[in-house]
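Asker: This structure is in structure tokens; I'll ask about it shortly.
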Amino acid sequence: MATLKRYRVNWTGFSGAPGLSTFYGSSSADLLDDLRTFFNAIKAFIPLTATMQFPNAGDLIDDTTGTITGLWGEAVALNVVGTYASAYSAPSGMNVSWITSGIVAGRRVRGRTFIVPYGGYEADGSLLNSSVTTTATAAAALVTATAGSLMIWSRPQTVPAVRAGSSYPIVASTVADTPTVLRSRRD
């Protein structure tokens, strides 16, 4: 059993808002500044109407059961505001895949963070090489800065078979060079 800190970064100020990026960290680490640094590094491709708000408190979670066990608190991190001033597609963007060495039920434990809305596109709709490179560099820096404290949580499962939850440190990241579209259940 491990206790995880749940970080919920709220996105506001754009068509389709609000958005949410959820991260998990080991209970012994303070990750707000590292997460803020990641978003600050890619804000040039996030529309200037979008604001990422970082909580200074959140839930502590037992990774085996998913039970909330308490509350964590850290110093307040300032918001990050996008600086991309051109037209953008509100429901599309890019995603970062977070890689672990964990295997659960015969599958590698991985996570994803969707960066939507996003403004780093070529005229043909593909992602700008510079935006992919910038985001990949920022993601790799986040993995390095958090040094095993940024986690992916494999949730507990009750159907079809009971399986306890578990968590694994992120060891690497990749950034796809193809656009991603986020859809809600209302679409």
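Each reported figure results from applying straightforward, stated rules to the coordinates on display, with no laboratory input. Predicted model only: the values in this text are computed from it and were never measured.
Asker: Mind checking the full-extension length gain between T3 and A145? Use 0.36 nm per residue of separation minus the Cα-Cα distance, one decimal, nm.
Answerer: Length gained, T3 through A145: 49.1 nm.
Asker: Which angle between 0 and 90 degrees, to the nearest 10, do you get for helix 129-146 versus the longest principal axis of the chain when only C-alpha atoms count?
Answerer: 30 degrees
Asker: Moving to a separate point now. Determine the relative contact order of the chain: mean sequence separation of Cα pairs under 8 Å and six or more apart, normalised by residue count, in whole percent.
Answerer: Once divided by the residue count of the chain, the mean separation gives 25 percent.
Asker: Here's a follow-up. May I ask you to compute the full-extension gain from A44 to T69, defined as 0.36 nm times their residue separation minus their alpha-carbon distance, rounded to one decimal in nm?
Answerer: Here the segment from A44 to T69 would lengthen by 5.3 nm.
Asker: Also: Need the full-extension length gain, V181 to S130, defined as separation in residues times 0.36 nm minus the C-alpha distance. One decimal, nm.
Answerer: My answer for the length gained is 16.4 nm.
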